[in-house]
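Below: the structure, in structure tokens.
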Amino acid sequence: MSSDPLSRRRRRGLVHGPGLALCLAIGLLAFALHRLPALALLSPLILAVLLGMAVRNVAGPLASCEEGIALTLRGALRLGIVLLGFQVSLGQVLALGLPGLAVIIFAVTGVYPFTVRAGRWLGVDAGLARLLGAGCAVCGASAIVAANTVVEAPEEDVAYAVAAITLFGLLGLGLLPLASTLLHLSSHQQGLWAGGALHEVAQATAAAFQGGPEAGRTGVVTKLGRVALLAPLVLILAARSPATASGPRPGVPGFLLGFVGAVALNSLVSLDPGLKSFLSTVTTLLMTVALAAMGLGASFAALVRRGPRPLLLAGLATLFISAGTLVLVVGLA
């Protein structure tokens, strides 16, 4: 009978299978391309967005894949954010002391409001400005897609924000170590600056380790401290999101509670290093597949229509966080 559980599973497989398979294929291809020396500086997440957009804009809307793409975006994104919490330990963050905590707190209390206000001044759409602020303040692409669970901006805005934040993060990766040398920063200071100023975890890690092992360790912990602020930032966004005609303002996303629980567990229990490494890889894969789904819903033409102002906003936000964290690092560390 058509109502038995096996038949229902088959129907769901037929509806969701093509989209799930396409997103997974793009995510795995992004992982493979990331291993090429010429593309090593681009995270699998941004590669997945670009590949998804390329497929979408060459092949056009894929009606048979839409249900699976939507399911992939929701499921992979939420599970990936929960698992992201296992990379953060409150003990490590507190060990940074006053300078590190000041740099971390500045990201949300200073950088995010600045970006939103500057976006208003530049005439950038409020939703896109919030996404750029989240990506700059916390952890790049991961924060952008997490913030969009409550901002609910179009896929094109998410793709634009990811691309802009990645561009300026790569510029920072090249310039920050050079500036640290010219400014005669200590290894500890360079680590704090890299972890506090650069957007993606991979970018901050690469820039910090150019200053040596101590700078690298400090940079990684500082950056993960900013990742821990993902939960408070999304809560702020949810509280400030207005009600719409389709429903009330969004509440606290359930996956955010999972993220907080993962951080708490990782802070209280010493997890096996092998397990933590495995969870880190799975997290990146899930977020990559989610970004592939996001790219499949974005149009190049819609991105072009956004114009240069959001790109200028991303540049201003990057300069603001770089200058602000440098002042804190030099003044306190």
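The values are calculated or read from the model by the stated rules, or taken from the named source; none is laboratory data. These figures come from a predicted structure and were not determined experimentally. Every residue, glycine as well, gets a Cβ built from its backbone with ideal geometry; the counts of neighbours run over all protein chains shown. We work out accessible area using only protein heavy atoms, side chains counted, and drop any ligands, DNA or RNA first. Shrake-Rupley method; radii C 1.70, N 1.55, O 1.52, S 1.80 Å.
A few comments on the model shown:
- Debye, to nearest 20: dipole size of the chain, +1 on Lys, Arg Cβ, -1 on Asp, Glu Cβ: 420 debye
- Choice from 18, 44, 273 showing the highest fluctuation, given a GNM over the chain with Cα pairs closer than 10 Å: 273
- Residues with amide H under 5 Å from that of residue 229, placed H, sequence gap 5 or more: none
- Residue by residue, segment 220-231 carries 3J(HN,Hα) couplings of 5, 5, 4, 5, 5, x, 5, 4, 4, 7, 4, 4 Hz when phi is fed to the Karplus relation 6.51 cos²θ - 1.76 cosθ + 1.60 (θ = phi - 60°); x denotes Gly or Pro.
- Of the GluC sites (Glu not before Pro) found in segment 131-199, those that fall in a DSSP loop while having at most 15 other beta-carbon atoms within 10 Å are 152.
- Surface composition of the chain: carbon and sulfur atoms hold 69% of the protein heavy-atom accessible area at a 1.4 Å probe.
- Phi angles across segment 79-95 convert, under the Karplus curve 6.51 cos²θ - 1.76 cosθ + 1.60 with θ = phi - 60°, into 3J(HN,Hα) values of 5, x, 5, 4, 5, 4, x, 6, 8, 10, 10, 5, x, 4, 5, 5, 5 Hz, Gly and Pro given as x.
- Segment 140-227 shape via C-alpha gyration tensor axes, a/c threshold 1.5: prolate
- Stokes-Einstein diffusion of the chain at 37 °C, 0.692 mPa s viscosity, Kirkwood radius from Cα pairs, rounded to a whole number: 163 µm²/s.
- Shape of segment 79-235, Cα gyration tensor, a/c cut at 1.5: prolate
- Between the helical axis of 5-34 and the longest alpha-carbon principal axis of the chain there is an angle of about 40 degrees.
- Solvent-accessible area per residue for the chain (1.4 angstrom probe, square angstrom): 45 Å²
- Computed lengthening from residue 40 to residue 179, 0.36 nm per intervening residue step minus Cα-Cα distance: 47.8 nm
- Global geometry of segment 16-84, whether rounded, prolate or oblate, following the gyration tensor of its Cα atoms and the 1.5 cut on a/c: oblate
- Using a Gaussian network model of the chain in which every pair of alpha carbons under 10 angstrom is joined by a spring, one finds that among 181, 318, 205 the greatest mean-square fluctuation is at 181.
- Size of electric dipole in segment 29-159: Cβ of Lys, Arg +1 and of Asp, Glu -1, about Cα centre, debye, nearest 20: 320 debye
- J(HN,Hα) series, segment 148-155, from Karplus relation 6.51 cos²θ - 1.76 cosθ + 1.60, nearest Hz, glycine and proline x: 6, 5, 10, 6, 6, 7, x, 4
- Residue among 313, 160, 202 farthest towards the positive dipole end of the chain, charges placed on Cβ: 160
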